[in-house]
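Participant: Please read through the structure below; I'll follow up with questions.
The values are calculated or read from the model by the stated rules, or taken from the named source; none is laboratory data. Since the structure is predicted, the reported quantities are computational estimates derived from the model, not experimental observations. Quick reminder, even Gly has a Cβ in these numbers, built from the backbone with ideal geometry, and neighbours come from all protein chains shown. SASA here: full protein model, heavy atoms, side chains in, ligands and nucleic acids out. Shrake-Rupley method; radii C 1.70, N 1.55, O 1.52, S 1.80 Å.
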There are 2 protein chains.
Amino acid sequence: MYEGAVQDLIDELGRLPGVGPKSAQRIAFHLLAADPADVRRLVDALTEVKARVQFCSVCGNVAQEEMCRVCRDPRRSLAVICVVEEPKDVVAIERTREFRGRYHVLGGAINPIDNVGPDDLRIKELLGRLADGQVTEVILATDPNVEGEATATYLARLLVPLGLRVTRLASGLPVGGDLEYADEVTLGRAFEGRRQISA
Amino acid sequence: MYEGAVQDLIDELGRLPGVGPKSAQRIAFHLLAADPADVRRLVDALTEVKARVQFCSVCGNVAQEEMCRVCRDPRRSLAVICVVEEPKDVVAIERTREFRGRYHVLGGAINPIDNVGPDDLRIKELLGRLADGQVTEVILATDPNVEGEATATYLARLLVPLGLRVTRLASGLPVGGDLEYADEVTLGRAFEGRRQISA
């Protein structure tokens, strides 16, 4: 529809996740009219990310060196590994400042519809990290959805026989939420996991 | 939150129109895991667009040469100019294959809230194109919203005294739509613009 270069850019932008044809067109025209320096910065950021960012050789998180920031930090406990699906989950957990152990990024969750099986996840690497006996607890922090639960169940079956403490993040009502708007599964889990209040 | 290059990319993507922080993060991780050749193609498309695409010296449409495809085409009538807000409107009208004249892209619409006045639009350039008397009709095809209507009214006041035929695209019910879902302004316009059916 557009002349060469504009259409090429719209096509390339349209391949990005969550960017439909209309947004791709809108972004392309924004960039067309933008200051060349702004576009330069975007191009540089893209080039840099591909040139410098890699995946941590230990945990699979994004890293700017061979190992990620968490794995390089000697203050982080080697006794606890928190298993997550994606690097963005590491960021979410780091934000809580609650966890002082290490991570293991699976690179997804078991999902038969998208043809993702256990062999497509970094499970062998996880088992490798458990071999030296330093790890005493594995926290399964995959998403609380069907795929995440299936992955947690699969991992629990592998890990519990190894004599490790295997835990799963609590399900319950989101803080600041309204009880009446909670779905019944979440509310059911909140009942199941209720805690006694000490006076 | 993320290490250097990843955060830089998320920041740059988040500056694009319609891309919030969550989408920026999602796109960044998609690109991180993507084939380097795919990212290369996006980078090339961005670079190409800034290097090669310019705005047509006649009508203000996007162009890969000094003049755009429409203005270069000798088969297009010089007697009719269709005035639109943005290059994407040219594409929408071209798709109908109904119009065989030329375009004039204003680069926006009068919008006091965003501080866009008549002087910010390519109105002087439009008047320049009317000077030689070749143009007999100007079609005002700005958007049928408040800003587009204001712009059309402003232009009509300038152009009608020049003795030109000045027209505005018809408002009415969208084809394939439901009468009961039409808003009252559109339905009112559809009544106003009703046509007699010849038996």
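Participant: To the nearest 20 Debye, how big is the dipole of the protein assembly as shown about its Cα centre, given +1 on the beta carbon of each Lys and Arg and -1 on that of each Asp and Glu?
Facilitator: Roughly 360 debye for the protein assembly as shown.
Participant: Right, another one. Placing a label point 7 Å from Cα toward Cβ, how far apart in nm is residue B:192 from its equivalents in the other copies, listed shortest first to one decimal?
Facilitator: Distances to the matching label points in the other copies: 6.1 nm.
Participant: Could you work out, residue by residue across B:84-91, how many beta carbons of other chains sit within 10 Å of that residue's beta carbon, and then give the average as an integer?
Facilitator: For peptide B:84-91, the averaged partner shielding equals 3.
Participant: Rounded to the nearest 0.05, what FRET efficiency do residue A:73 and residue A:127 give with R0 = 25 Å and r taken as the Cβ-Cβ distance? Could you check?
Facilitator: Computed FRET efficiency for residue A:73 and residue A:127 comes out at 0.60.
Participant: While we're looking at this one, here's another question. Pairing the Cα long axis of helix B:21-33 with the longest principal axis of chain B, what angle in degrees results, from 0 to 90 and rounded to the nearest 10?
Facilitator: 60
Participant: Let me ask something additional. Put a dot 7 Å past each Cα toward the Cβ at residue A:190 and residue A:136; how far apart are the dots in nm?
Facilitator: Each label point is offset 7 Å from its Cα along the Cβ direction, giving 3.4 nm.
Participant: Further, regarding this structure: Would you list, by chain and number, the lysines whose Cα falls below 30 Å from the Cα of residue B:50, excluding same-chain residues fewer than 8 positions away?
Facilitator: Correct list for residue B:50: A:22, A:50, B:22, B:88, B:124.
Participant: Another one. Can you give the Rg to Rh ratio of region B:55-168, both from alpha-carbon atoms, with Rh computed by the Kirkwood formula?
Facilitator: We get a ratio of 0.94 for region B:55-168.
Participant: Still on this structure, I have one more. Which residue in chain B puts its Cβ closest to the axis that rotates chain B onto chain A, and at what distance in whole Å?
Facilitator: Checking which Cβ lies nearest the axis yields B:43, 3.
Participant: I would also like to ask the following. Angle between the Cα long axis of helix B:36-52 and the longest principal axis of chain B, 0 to 90 degrees, nearest 10?
Facilitator: Helix B:36-52 sits at roughly 40 degrees to that axis.
Participant: Mind giving me the FRET efficiency for residue A:113 and residue A:15? R0 is 25 Å, r the Cβ-Cβ distance, nearest 0.05 is fine.
Facilitator: The value I calculate is 0.70.
Participant: Right, next: Ignoring ligands, DNA and RNA, what percent of the accessible area of chain A is carbon or sulfur (1.4 Å)?
Facilitator: In chain A, the share of accessible area belonging to carbon and sulfur is 52 percent.
Participant: A further question on this structure: Starting with the highest mean, order B:16-23, A:130-137, A:101-108, A:177-184 by the number of other Cβ atoms within 10 Å, averaged over the residues of each peptide.
Facilitator: Highest mean packing first, the order is A:101-108, B:16-23, A:130-137, A:177-184.
Participant: Output the Kirkwood hydrodynamic radius of the protein assembly as shown, Cα pairs only, in Å rounded to one decimal.
Facilitator: Mean inverse Cα-Cα distance, inverted, gives 26.0 Å.
Participant: Can you give the calculated 222 nm mean residue ellipticity of chain B, where each DSSP H run of n ≥ 4 adds -39,500 (n - 2.57) and the sum is split over every residue, rounded to the nearest 500 deg cm²/dmol?
Facilitator: -13000 deg cm²/dmol
Participant: If the label point is 7 Å along Cα→Cβ of residue B:51, which residues in region A:21-64 have backbone nitrogen under 19 Å from it?
Facilitator: Answer for region A:21-64: A:31-48.
Participant: Distances from residue A:177 to the same residue in each other copy, label points 7 Å out along Cα→Cβ, in nm, shortest first?
Facilitator: 3.9
Participant: May I pose another question? Ignoring ligands, DNA and RNA, what accessible area per residue does chain A give at 1.4 Å, in Å²?
Facilitator: Value returned for chain A: 59 Å² of accessible area per residue.
Participant: Further question: Find the sum over both chains of the accessible area lost when B and A are paired, probe 1.4 Å, and report it in Å² to the nearest 100.
Facilitator: So the total buried area for this chain pair works out to about 4600 Å².
Participant: Also, quick follow-up: Between region A:142-199 and region B:1-65, how far is it from one alpha carbon centroid to the other, in angstrom?
Facilitator: Rounded to whole Å, the Cα centres lie 39 Å apart.
Participant: In degrees, nearest 10, range 0 to 90: what is the angle between the Cα axis of helix A:4-14 and the longest Cα principal axis of chain A?
Facilitator: 10
Participant: What are the label-to-label distances in nm, one decimal and shortest first, from residue B:119 to the same spot in the other copies, with labels 7 Å along Cα to Cβ?
Facilitator: 7.0
Participant: Another question, if that's okay. Let me know the mean shielding of A:19-28 by other chains, meaning the per-residue number of their Cβ atoms within 10 Å of its Cβ.
Facilitator: 4
Participant: Let me confirm one metric for peptide A:48-54, namely the mean number of other chain beta-carbon atoms within 10 Å of its residues' beta-carbons.
Facilitator: Counting Cβ atoms of other protein chains within 10 Å of each residue's Cβ and averaging gives 6.
Participant: Output the residues of region B:1-16 meeting this criterion: accessible area (heavy atoms, 1.4 Å probe) in the chain alone minus accessible area with all protein chains in place is 50 Å² or greater.
Facilitator: Output list: B:1, B:2, B:3, B:5, B:9, B:12, B:16.
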